[in-house]
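Chemist: Below is one structure. I have some questions about it.
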Amino acid sequence: MSRAVIIENSGGPEVLKIKKIALGKIGPNEVLLENKAIGLNFIDTYHRSGLYPLKHPSGIGLEGAGIIKKIGKKVQGFSVGDSVAYASAPLGAYADERIFPSNKLVKVPPGVSLEIAASIMTKGLTTFYLLHKTFIPRPNDTLLFHAAAGGVGQIFCQWATSLGCKVIGTVGSDEKMSIAKKNGCELVINYTKENFEKKVLDYTNGKGVTAVYDGVGAKTYEGSIECLKPRGMLVSFGNASGPVKNIDVMKSISPKSLFFSRPTMGHYLSTEDELAEAAEALFKKIEFGKVKIEIFKKYNLEDVVQAHKDLESRKIIGSAIIIP
């Protein structure tokens, strides 16, 4: 039996319930994992709330790291005792043990702890495909990243800076400005007090930025469009303030010949080779010190309701994990 968080209907944090479940038999291409740490991500709240609908009852959580306890008879490349991590469906990372397909696992190198691996798989792999697949900036390009003090933002800003890019970051409070600055932003804007469009255009002498990476969504969409230079790209990869709706091509896109993309990880890391490439790049950034990770908070599995409350109230700054 495994302890796992199960949701039987969509709703607020209170629908998260810890239950004992039978795991069943391991398939030929699966492994039994003992989770040592579980990643906590904003997308988890989308699955819980119904923004991304699920078939109930359902597990929850996409990210974790642990030790392989058993392997299926056709599993290759992994052994019992290996340290591994994942950031992928099927949902169910909020558990102390789980059965998981081996083709969605990556080995964690000795220089990266399992807690760090669990805290950065989703955020780090997201950063990889944003910077190396969705839109590939060149050195000296100026980029705008919204929510720069958040989990993805802290990794993105360090990673983009290591590529020679100039990063402008927006944050939602004065307290978060120093965090964004620490992680490489040349200019940090508190969008609750200042007009970020004006600040960005002033900073770029009216030219605008090459790309905007926007995980906020509805609230920042129009301002992001205004900040872009001609032929720039808006990469809308999240919906923290609600999804972008009803894009007016003639009003928003055509006047500057802009590009718009709404990427998701599943379309960029859909094969074992793509996943291996992304994980290798991520772990190298960490091992070489180009991306430094500080875990903001650790929750026990029993505290999962509070963890989701903290997520949605923006109390979590950076990476957080659940310890089963």
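The values are calculated or read from the model by the stated rules, or taken from the named source; none is laboratory data. In this text the structure is predicted, and so the values were computed from the model without any measurement. Using ideal geometry, Cβ is built from the backbone for each residue, glycine included, and neighbour counts are taken over all protein chains shown.
Chemist: Sort out which residues of region 258-276 are over 20 Å from Ala147 (Cα atoms), out of contact with any Gly (no Cβ under 9 Å at 6 or more places or on another chain), without any contact (Cβ under 8 Å) to a residue 40 or more places away in the chain and of a type outside the set (Val, Ile, Thr), and write them in order of number.
Modeler: Matches in region 258-276: His267, Ser270, Asp273, Glu274.
Chemist: So, one more: Here are some residues: Lys245, Lys284, Lys256, Lys315. Which one is of a type in the set (D, E, K, R) and surrounded by fewer than 13 Cβ atoms within 10 Å (Cβ to Cβ)?
Modeler: None of the other options fit; the residue is Lys245.
Here's the yes/no breakdown for (1) surrounded by 14 or more Cβ atoms within 10 Å (Cβ to Cβ); (2) out of contact with any helix residue (DSSP H, G or I) (no Cβ under 7 Å at 6 or more places or on another chain); (3) assigned by TED's automatic domain parsing to the domain that holds Lys70:
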position	(1), (2), (3)
Ser10	yes, no, yes
Glu14	no, no, yes
Gly24	no, yes, yes
Asn29	yes, no, yes
Leu33	yes, yes, yes
Phe42	yes, no, yes
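Chemist: Could you name every one of the strands (runs of 3 or more DSSP E) located completely within region 26-125 that has at least 3 residues being at pLDDT 95 or above and closer than 20 Å to Asn300 by Cβ?
Modeler: Output list reads 30-39, 63-71.
Chemist: Could you run through region 297-314 and say how many residues are touching a helix residue (DSSP H, G or I) at 6+ places or on another chain (Cβ under 8 Å) and either in a loop (DSSP other than H, G, I, E, B) or not aliphatic (A, V, I, L, M) (or both)?
Modeler: Result for region 297-314: 7.
Chemist: State all residues of region 163-202 that are surrounded by fewer than 24 Cβ atoms within 10 Å (Cβ to Cβ), among the β-branched types (Val, Ile, Thr) and without any contact (Cβ under 8 Å) to a residue 40 or more places away in the chain; if no residue qualifies, say none.
Modeler: Thr192
So that you can scan it fast, the table gives a plain yes or no per residue for (1) under 20 Å from Met233 (Cα atoms); (2) in a helix (DSSP H, G or I); (3) modelled with pLDDT of 95 or more:
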residue: Ala147; (1), (2), (3): yes, no, no
residue: Val152; (1), (2), (3): yes, yes, no
residue: Thr170; (1), (2), (3): yes, no, yes
residue: Lys198; (1), (2), (3): yes, yes, yes
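Chemist: Across region 203-241, which residue is surrounded by the fewest Cβ atoms within 10 Å (Cβ to Cβ) among those that are outside any strand (DSSP E or B) and among the β-branched types (Val, Ile, Thr)?
Modeler: That would be Thr204.
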